[in-house]
Amino acid sequence: MLMRRTQSDVATDVVIVGSGASGSVAAARLAAAGFEVACLEQGDWTGPADYMSDRPEAELAWVERWSPDPNVRRRPADYPLTGEADVSPVMYNGVGGGLVQWAAMWQPLLASDFRVRTLDGVADDWPISWSDLAAPYVQVARDMSVSGLGGDPALPELDPYPNPPIPIGRIGLAAARGMDRLGWHWWPGANAIASRRHGSLQACQRRGTCMMGCPENAKATPSLTHWPSALAAGARLVTGARVVEIPLDERGRARGVVYRDRDGVERLQKAQVVILAANAVGTARLLLSSASARFPDGLANSSGLVGRRLMQHPYRTVTAVCEEPLESWQGPWGQSIYSLEFAETDSGRDFVRGTKWMVMPHGGPMFAVAEYQEAHRDEGFDAVWGTAFHRATAEVFGHAFTWGIQAEDLPEDDNRVVLDPEVCDSSGMPAARIEYRVSENTHKMLDFNVARAVEAAEAAGAVSTFVRDVWPTGIGHVLGTTRMGDDPQRSVVDRWCRAHDVANLYVIDGGVFVTGGSANPTATIMANALRVADHMIETRASQEVGA
Amino acid sequence: MSDSGPTPPQRATFALLADILVAEGLGMPAASTVGVAAGLLDRCLEAAPVLAEPLRALLDEAAADDPDAFVQGLSEHRPDDFAVLSTTVVGAYFLSDDVRRLIGYPGQQPSPLSIAAEPEYLEMLERVHDRHPGYRECP
């Protein structure tokens, strides 16, 4: 039998797995407080030289190189996602994680999102409340150079955003007029896109290719907003490092992490504390892969909940086609305006919880026509091809805006991440198998909201509308697979995001969400990571550590 | 044309199929007349290399078939293959400068923001504030 040879790196105080939204926040905060920090990232740096967003071929980048689906993109750092799921997760594996590709919509959760069991009798309450995240929300908004307008009555008051809102454009104005006629809620969108030069960001140039990388460096991403300060404070960021296991000492504490470097060499990064920030799919995969005699069902999984309760914000769209020119290829591709009119439970409806709506441009002509064709696919070939192709282009291109409808999908044990028994990634680690079905409650919620969005489009003066069913890919936020809670039998981590089962193991990505709300999750992921990092700093003297 | 790009026969087949998907009409040119089977095809495949191999296989297969029947067959029974063909045709078509000019598309060009001191939506926003009941209080 061959002995496995593992090379050891210099021990550190903290090792963080993943360099994206949560990992970058923790690295910057902990390094500034004097911790020795090492962060392991399976991908590489991505910057303007890699972007295609300032080329005419930008839309074609979405087909492969800049697809949000790792199974399509298939870069060396991507690991396969298998299984049959109604919605496929989106992710980016590289420095900055999903925030390399995100649309930068910045949306705190509702106050009620933390108390859904108490208020609506479903799912579970969070062990923390909105007020616990209030100060971190403000800090991360500053760090991310968010542009937005405070004072939305649908949300608790926070300090003003650091930058004024990005102009809502013709698309936002048209949509807002419709909401005004109906008497429904809307508000100018907040985005982590600088409306003026701020911090490390330049002012937005409205290219509208935000999800293929911003060549102007106007969109916040950790390689601009957090990693420079983290590295300056002494943090070490290792790229091309795929973590495959979390080994334990004899007391059941994490010793650090085992990873394979870009040459395939297996290495042990010893650390006193391990922080997982690899997103709700990657973290669950790593914990399940770290099964041992002590934890036969996966590390930190005495509750049996690791990988379960996956939530993904099922998403539908209603596109409003107007006669007036709307220049709807213009960016940014964040949210022009949003609505929380139907975000809360209404006992008169046949579903619980609700949605967030947001208005977006349609991008270039390839995207605009593809949307039209997808919505009309059941009408047959001649409805969308041949000369009809030009009719579709003339009708929709530059004359449309889209209401995106993002649903709160409640946590269900059978929606989950498991290890694929056959398929492995390039390092031999099992692929993540996604089992996810959109629930009846969510379908009812989306059906109701789509009907309302059609009304909103018509009130905005739309001459026609078209509707898309649940998007199978392209949106899929990943949340909930390592939920936080006070009861070790019903949660994976405690209110400070420390594993109930392993005293020096933390999870700080979106996996800790108890419920998903309907808001885009990044603001909350980053705020929570900051809250946890600050707690680690305050309690460092009493932190149990690995041998 | 790169060495690994479609051959001249494959390009000829592509032009035939492309014109079925994007025909001349409504003041717009057919796909082949703007050059989708020439340089635009190369640009498209360079931007999305994943399309190249399956497209070449499709074009070889199509060469022995009636073009209309082939495209209809893909559309009705082979959605993944149809997506390869249609994505390439549409992607190449919208790379054409002539097509962009005809549809009034300047491209995803930089355009500096202009932030108004008093946006024209302010009155509408005041009405939102006045009529909203406030956020849901929580225990």
**OP:** Counting only C-alpha contacts under 8 Å and six or more residues apart, can you give the relative contact order of the range A:414-538 as a whole percent?
**Re:** 15
Subject >> For the range A:216-362, alpha-carbon Rg over 2.2 N^0.38 Å >> reply: 1.53
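Computed from the mean reciprocal separation of all distinct C-alpha pairs, what Kirkwood hydrodynamic radius does the range A:276-377 have, in Å?
Working: mean 1/r = 0.0554 Å⁻¹.
It works out to 18.0 Å.
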Subject >> Nearest-ten-degree value, helix A:522-538 long axis tilted from longest Cα axis of chain A >> reply: 30
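If the only charges are +1 at each Lys and Arg Cβ and -1 at each Asp and Glu Cβ, what is the size of the charge dipole of the range A:1-102 around the Cα centre, to the nearest 20 debye? Mind showing how you got there, number by number?
Values: 8 positive and 14 negative charges, 64 e Å.
The dipole of the range A:1-102 has a size of about 300 debye.
Give me the accessible area per residue for the protein assembly as shown, probe 1.4 Å, as a whole number in Å². Spell out each step's value before the answer.
Details: 25200 Å² over 686 residues.
That works out to 37 Å² per residue.
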**OP:** Using only protein heavy atoms and a 1.4 angstrom probe, determine the accessible area buried between B and A, summed over both sides, in Å² to the nearest 100.
**Re:** 5200
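For the range A:131-205, what is one quarter of the convex hull surface built on the Cα atoms, given in nm²? Write down the numbers at each step before the final one.
Details: hull surface 21.6 nm².
Over every viewing direction, the Cα hull of the range A:131-205 projects on average to 5.4 nm².
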Subject >> For residue A:479, residues with placed amide H under 5 Å, excluding near neighbours >> reply: A:311
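Let me know the charge dipole size of the protein assembly as shown about its Cα centre in debye, to the nearest 20, where only the beta-carbon of Lys, Arg (+1) and Asp, Glu (-1) is charged.
On the way: 59 positive and 89 negative charges, 414 e Å.
With only Lys, Arg, Asp and Glu charged at Cβ, the dipole is about 1980 debye.
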Original post:
Which whole number gives the average count of other chain Cβ atoms within 10 Å of the Cβ atoms across peptide B:118-129?
Top reply: 5
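Given 20 °C and 1.002 mPa s, how large is the Stokes-Einstein diffusion coefficient of the range A:22-125 in µm²/s, with Rh as the Kirkwood radius over Cα pairs?
Values: Rh = 17.0 Å.
Using the Kirkwood radius from Cα pairs, D works out to 126 µm²/s.
Determine one quarter of the surface area of the Cα convex hull of the range A:184-223, which equals its mean projected area, and express it in nm² to one decimal.
Details: hull surface 14.5 nm².
Averaged projected hull area, Cα only: 3.6 nm².
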**OP:** Work the Kirkwood hydrodynamic radius out for the range B:8-106: mean of 1/r over every pair of different alpha-carbon atoms, inverted, in Å.
**Re:** 13.5
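Suppose R0 equals 60 Å. What FRET efficiency, 1/(1 + (r/R0)^6) with r the Cβ-Cβ distance, do residue A:547 and residue A:71 give to the nearest 0.05? Provide the component values of the computation, followed by the final result.
On the way: r = 39 Å, r/R0 = 0.65.
The computed FRET efficiency comes out at 0.95.
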Original post:
Taking every residue in A:383-394, how many Cβ atoms of other protein chains lie within 10 Å of its Cβ, on average?
Top reply: 6
Original post:
the protein assembly as shown: Rg/Rh from Cα coordinates, Kirkwood Rh?
Top reply: 0.97
**OP:** Please give the contour-minus-distance gain from residue A:177 to residue A:294: 0.36 nm per residue of separation, less the Cα-Cα distance, rounded to one decimal in nm.
**Re:** 36.1 nm
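Would you mind calculating the relative contact order of chain A from Cα pairs under 8 angstrom and at least 6 residues apart, reporting the percent as a whole number? Can you show the working numbers first?
Numbers: 1405 pairs, mean separation 128.7, N = 547.
Relative contact order for chain A comes out at 24 percent.
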Original post:
Roughly how many Å is it from the Cα centre of the range B:71-139 to that of the range A:297-356, as a whole number?
Top reply: 17
Original post:
Roughly to the nearest percent, how much of the accessible area of the range A:441-500 is carbon and sulfur, given a 1.4 Å probe?
Top reply: 49
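With 22 Å as the cut-off, how large is the P(r) tail for the range A:157-243, expressed as percent of Cα-Cα pairs?
Details: 1746 of 3741 pairs.
Summing the P(r) tail past 22 Å for the range A:157-243 gives 47 percent.
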Original post:
Roughly speaking, what is the centre-to-centre gap between the range A:462-494 and the range A:139-199 when only Cα atoms are used, to the nearest Å?
Top reply: 23
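Give the relative contact order (percent, whole number) for the range B:8-106; include only Cα pairs under 8 Å separated by 6+ residues.
With pairs under 8 Å counted, the relative contact order is 37 percent.
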Original post:
Whole-Hz Karplus ³J(HN,Hα) for the range B:83-97, in order, using 6.51 cos²θ - 1.76 cosθ + 1.60 and θ = phi - 60°, x for Gly and Pro?
Top reply: 5, 4, 5, 5, 5, 5, 4, 5, x, 5, 4, 7, 7, 5, 4
Original post:
Which of B:30, B:8, B:103 sits farthest toward the positive end of the charge dipole of the range B:8-106, with +1 on the Cβ of Lys and Arg and -1 on the Cβ of Asp and Glu?
Top reply: B:103
Original post:
Counting Lys and Arg as +1 and Asp and Glu as -1, each charge on the Cβ, what is the dipole of the range B:8-106 about the Cα centre in debye, to the nearest 20?
Top reply: 400
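The values are calculated or read from the model by the stated rules, or taken from the named source; none is laboratory data. Not measured: the values here are computed from a predicted model. Neighbour counts are summed over all protein chains in view; Cβ atoms, including those assigned to glycine, are modelled from backbone coordinates with ideal geometry. Keep in mind that these areas ignore ligands, DNA and RNA; they rest on the heavy atoms of the full protein, side chains included. Shrake-Rupley method; radii C 1.70, N 1.55, O 1.52, S 1.80 Å.
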